[in-house]
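The values are calculated or read from the model by the stated rules, or taken from the named source; none is laboratory data. Keep in mind that this is a model prediction, so the values were computed, not measured. Cβ coordinates were reconstructed from backbone atoms using ideal geometry, including for glycine residues, and neighbour counts include every protein chain displayed. These area figures cover heavy atoms from the full protein model, side chains too; ligands, DNA and RNA do not enter into them. Shrake-Rupley method; radii C 1.70, N 1.55, O 1.52, S 1.80 Å.
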Amino acid sequence: MPNKFFWYDIMTTDTKAAQKFYSDVVGWGAQDSGVPNSNYTLLTVGGRGVAGLMPIPEEARKAGAGPCWMGYVGVEDVAEAGKQLVRAGGKLHRGPCDVPNVIRFSVVADPQGAGFIIAKGLVHDAPPALPDGTPGTVGWHELYAGDRETAFQFYGKLFGWTKADAVDMGAMGTYQLFATGGDPVGGMMTKPPMIPAPYWSYYFNVPAIDAASKRVTDGGGEIHNGPMQVPGGHWIIQCQDPQGAVFALVAPKR
């Protein structure tokens, strides 16, 4: 788990509406986290948690944060990783914080402003990850960076991520695949000018993209791009939920 993505949160303005939307679109179940004094819902696949749902924290809302998805990257020592991140030019927004016997985490951003979370799970008997491609799990991680190459240097130095193939996208520049140990798990690119700020996007696995596209629009979401086929043969759409959080879907067939 160290240096790999292992969890994802949606922070939103309407948790009940978001729960219904994503349950319909992705097929997740939902259950209360059981953590006292928290409004945190587990989004589940076959009864196993794969992501979390929560209101936007008050301090984040006051700082201007809107609905968004955040990915967690595992580290061995949250405090030390936070210090290394700051020394490398990143920013520590919050933490380290503890959810007793569950997780220790810090909310951070890379030097170009893309937010994510560094964390260490405190549950010693956590089940193994679901198999790659399981519907409802994350199938791809995508960074829209201010500058792709310097962003990769930051993550490579901090987490040991390595470059995989690079795809020439013509006028859109280079799409750099990266690995966190093993096969590629995501890609980085320099964001186009119409995207206002760098951010991470996460692709959720679904069985078929056309049926999922209809569920997105039927639920009040928007499709910004796709369906389109990507190298390897999978199909994707890039979307926005009714509260404004961006996300994407990936499927092995149309």
Practice task
Scan the stretch 178-209 residue by residue and report those that are more than 23 Å from Ala251 (Cβ to Cβ) and in contact with a Phe, Trp or Tyr (Cβ under 9 Å, 6 or more places away or on another chain).
Solution key: Gly181, Thr190, Lys191, Pro192, Ile195, Ala197, Pro198
Exercise for the section: Identify all residues within the stretch 15-29 that are surrounded by fewer than 17 Cβ atoms within 10 Å (Cβ to Cβ) and of a type in the set (A, V, I, L, M); write none if there are none. Expected result: Ala17
Exercise for the section: Please go through the stretch 177-214 and pick out each residue that is surrounded by fewer than 18 Cβ atoms within 10 Å (Cβ to Cβ) and in a loop (DSSP other than H, G, I, E, B). Expected result: Gly181, Gly182, Asp183, Pro192, Pro193, Met194, Ile195, Pro196, Ala197, Pro207, Ala208
Exercise for the section: Select from the stretch 82-116 the residues that are charged (D, E, K, R) and open to solvent by 30 Å² or more (accessible area, probe 1.4 Å) and write down the one among them that is farthest from Asp147 (Cα to Cα). Expected result: Asp98
Problem - In the stretch 117-132, the residues that are at pLDDT 95 or above and either among the charged types (D, E, K, R) or surrounded by fewer than 20 Cβ atoms within 10 Å (Cβ to Cβ) (or both) - result: Lys120
Problem - Test for Ala151: is it buried (at least 17 other Cβ atoms within 10 Å of the Cβ), within 19 Å of Lys4 (Cα to Cα) and either touching a Pro at 6+ places or on another chain (Cβ under 8 Å) or at pLDDT below 95 (or both) - result: yes
Exercise for the section: Find all pairs meeting these conditions: Cβ atoms under 8 angstrom apart; at least six residues apart or on different chains; first residue within the stretch 204-231 and closer than 27 Å to Val167 by Cα; second residue open to solvent by less than 40 Å² (accessible area, probe 1.4 Å) and among the aromatic types (Phe, Trp, Tyr). Expected result: Phe204/Phe247
Problem - Unique match (being touching a helix residue (DSSP H, G or I) at 6+ places or on another chain (Cβ under 8 Å), β-branched (Val, Ile, Thr), at negative phi and open to solvent by less than 30 Å² (accessible area, probe 1.4 Å)) among Thr12, Thr44 - result: Thr12
Practice task
Out of the residues in the stretch 215-230 that are assigned to a loop (DSSP other than H, G, I, E, B) and in contact with an Asp or Glu (Cβ under 6 Å, 6 or more places away or on another chain), state the one that is farthest from Val107 (Cα to Cα).
Solution key: Gly219
Exercise for the section: Say whether the condition of being open to solvent by 10 Å² or more (accessible area, probe 1.4 Å) and part of a helix (DSSP H, G or I) is met by at least one residue in the stretch 137-148. Expected result: yes
Practice task
Only residues that are charged (D, E, K, R) and within 17 Å of Val138 (Cα to Cα): list them for the stretch 221-254, please.
Solution key: Asp241, Lys253
Problem - Flag if Lys91 is under 25 Å from Lys191 (Cα atoms), more than 16 Å from the chain's Cα centre (by Cα) and touching a residue at least 12 places away in the same chain (Cβ under 8 Å) - result: yes
Fill in the blank from the handout: Those residues of the stretch 222-239 which are open to solvent by 50 Å² or more (accessible area, probe 1.4 Å), among the polar types (S, T, N, Q) and under 18 Å from Tyr199 (Cα atoms) amount to Asn225
Practice task
Kindly indicate whether any position in the stretch 165-176 is surrounded by 20 or more Cβ atoms within 10 Å (Cβ to Cβ), of a type in the set (A, V, I, L, M) and either free of Cβ contacts under 8 Å to residues at least 60 places away in the same chain or part of a helix (DSSP H, G or I) (or both).
Solution key: no
Exercise for the section: Can you confirm whether the stretch 17-33 contains a residue that is free of Cβ contacts under 8 Å to residues at least 60 places away in the same chain and aromatic (Phe, Trp, Tyr)? Expected result: no
